[in-house]
Amino acid sequence: MNDRGQLLAIAGPSGIGKTTICHQLLDSDDRYIFSVSCTTRTRRPNEADGVDYHFITREEFQQFIHDGKLAEWQDVFGNFYGTLKSAVQEALDHGKILLLDIEVKGTLNIKAMYPEDTITVFLLPPSDAELKRRLESRGTECEKSLKIRSARVEEELALGKKFDYQVTNDDLVETVSTIRKIVNGEKNI
Ligand code: ADP
Ligand code: 5GP
């Protein structure tokens, strides 16, 4: 029989490096699987349905809420995003480490719902200027979206203090190594 799995939620301001870090963890160890969230936002050209997100309509999302299918959900930048309970349960049952790339409030809700199974990691930027540089360099956001995302940073940093761990994502290799140590129990809360 498999050991019980774990939930690893990695949050932090937009552009901090969550996606990059999740990919590195996923590529290096097959215990890690990605929690594919549901969203009502429009698919970006580089994204695939069922891989990056389940892209669904607002009506479908409302139905999922009504049917109790979501472990948590939030309205982010005017779109709905939510974590499927089925993804959480499957990972826990099969000894997997479910990577959740979700925003801070959703992460804290997951921790409250699955306290024994969840590790929360908040990523901090080395500096405000570097965070801005990374978000702009990704080239996915228009001017308006950049402003909205920047405005959220202060609130996110405040809520980040409630996380189990805070890790500054300066050197990428070091950050990934630190997160692996946290998961393997080599670093304590
Ligand atoms: P998020 O998913 O948190 O919004 P991304 O993973 O898309 O952020 O990263 C934003 C940009 O920052 C990408 O261009 C990525 O390559 C870069 N990046 C991520 N981590 C680092 C790091 N430690 N040092 C330098 N650049 C980084
Ligand atoms: P993006 O549109 O850039 O993919 O994501 C916008 C924000 O929504 C990010 O902060 C991302 O982490 C968050 N997000 C993605 N999926 C979920 C989810 O299932 N639940 C919550 N609460 N936030 C999510």
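The values are calculated or read from the model by the stated rules, or taken from the named source; none is laboratory data. On a predicted model such as this, the values are computed, not experimentally measured, just so you know. Note that each Cβ is placed from the backbone with ideal geometry, even for glycine, and that neighbours are counted across all protein chains shown. Heads up: the accessible areas ignore ligands, DNA and RNA and are worked out on the full protein's heavy atoms, side chains in. Shrake-Rupley method; radii C 1.70, N 1.55, O 1.52, S 1.80 Å.
Things worth noting here:
- Residues that are part of a helix (DSSP H, G or I) and touching a Phe, Trp or Tyr at 6+ places or on another chain (Cβ under 7 Å), drawn from segment 152-181: 160
- Qualifying positions in segment 140-168 - open to solvent by less than 60 Å² (accessible area, probe 1.4 Å), within 17 Å of residue 20 (Cα to Cα) and out of contact with any Lys or Arg (no Cβ under 9 Å at 6 or more places or on another chain): 167
- Filter result (in contact (Cβ under 8 Å) with a residue 40 or more places away in the chain and of a type in the set (D, E, K, R)) within segment 156-189: 156, 162, 164, 170, 180
- Scope segment 106-139; condition within 19 Å of residue 82 (Cα to Cα), part of a loop (DSSP other than H, G, I, E, B) and open to solvent by less than 50 Å² (accessible area, probe 1.4 Å); matching residues: 114, 117
- In segment 1-32, residue nearest to ligand 1 (Cβ to nearest atom) [restricted to those that are closer than 17 Å to residue 71 by Cα and of a type outside the set (Gly, Ala, Ser)]: 10
- Annotation: of all residues in segment 88-105 being part of a helix (DSSP H, G or I) and within 17 Å of residue 5 (Cα to Cα), the one that is farthest from ligand 2 (Cβ to nearest atom) is 93.
- Of all residues assigned to segment 46-67, none qualifies as being of a type in the set (D, E, K, R), closer than 29 Å to residue 161 by Cα and more than 16 Å from ligand 1 (Cβ to nearest atom).
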